[in-house]
């Protein structure tokens, strides 16, 4: 097993829960059948783990970019730009997997590291005499660290009904990670059936 590997719990006939509680709506047997062409090269634990970290990409991007934008451009620009980045990343990461970028998410997706970064930004804003700015970045961090930003992404299938968002977020990201490995190892993901 590799760097990204996570343990998971199989609920036969229903779903798989990754360590940390992320749910994939297919059980282990269905996932093994679906990814059978690539499992000789990469374990199911690795596929699930890479999906778990890749799901953190949009919120991690929003968390890390907001204080910089806020400090240099002001709150209005920071809110708008960070939300747009979050939404674009939230859509793109469902269909594009960049393993090299996932290594950064592996490190910078850590909520304790993000909290430490926000404490530093809080001190910077407090040193500048702005308690309100410190409260604003604190609220932004809490919103995304608790996963409330994912509620925004959850609205996308409702707003854009159709095939673009036909799978739940976790399943779509896992499928995208699998397709990445399928292409890498010469498999044809278009022939895969659940």
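Within the range 114-146, the set of residues being under 11 Å from residue 63 (Cα atoms) and in contact with a helix residue (DSSP H, G or I) (Cβ under 9 Å, 6 or more places away or on another chain) comprises 114, 115, 117, 118, 137, 138, 140, 141, 143, 144, 145.
Considering 109, 147, 128, 154, the condition of being on the phi > 0 side of the Ramachandran plot and outside the structural domain of residue 23 (by TED's automatic domain parsing) is satisfied by 147 alone. Residues in the range 169-179 that are out of contact with any helix residue (DSSP H, G or I) (no Cβ under 7 Å at 6 or more places or on another chain) and either outside the structural domain of residue 25 (by TED's automatic domain parsing) or closer than 17 Å to residue 89 by Cβ (or both): 2 in all.
From the residues in the range 84-102 that are touching a residue at least 60 places away in the same chain (Cβ under 8 Å) and in a helix (DSSP H, G or I), which one is nearest to residue 42 (Cα to Cα)? Per the stated criteria, the residue is 99. Of the residues screened, residue 116 is not one that is at pLDDT 95 or above and over 30 Å from residue 46 (Cβ atoms).
When the range 1-31 is limited to residues that are within 27 Å of residue 190 (Cβ to Cβ) and part of a strand (DSSP E or B), the one that is farthest from the chain's Cα centre (by Cα) turns out to be 10. Across the range 32-59, what is the total count of residues that are in contact (Cβ under 8 Å) with a residue 60 or more places away in the chain and assigned to a helix (DSSP H, G or I)? Of the residues in the range 32-59, 10 are in contact (Cβ under 8 Å) with a residue 60 or more places away in the chain and assigned to a helix (DSSP H, G or I). For residue 186, the conditions (1) surrounded by 12 or more Cβ atoms within 10 Å (Cβ to Cβ); (2) assigned by TED's automatic domain parsing to the domain that holds residue 17 are fulfilled apart from (1). Per this entry, residue 17 is counted among residues that are buried (at least 16 other Cβ atoms within 10 Å of the Cβ) and in contact with a strand residue (DSSP E or B) (Cβ under 8 Å, 6 or more places away or on another chain).
The values are calculated or read from the model by the stated rules, or taken from the named source; none is laboratory data. These numbers come from a predicted model, not from an experiment. Cβ sites come from the backbone with ideal geometry, for glycine too, and all protein chains shown count toward neighbours.
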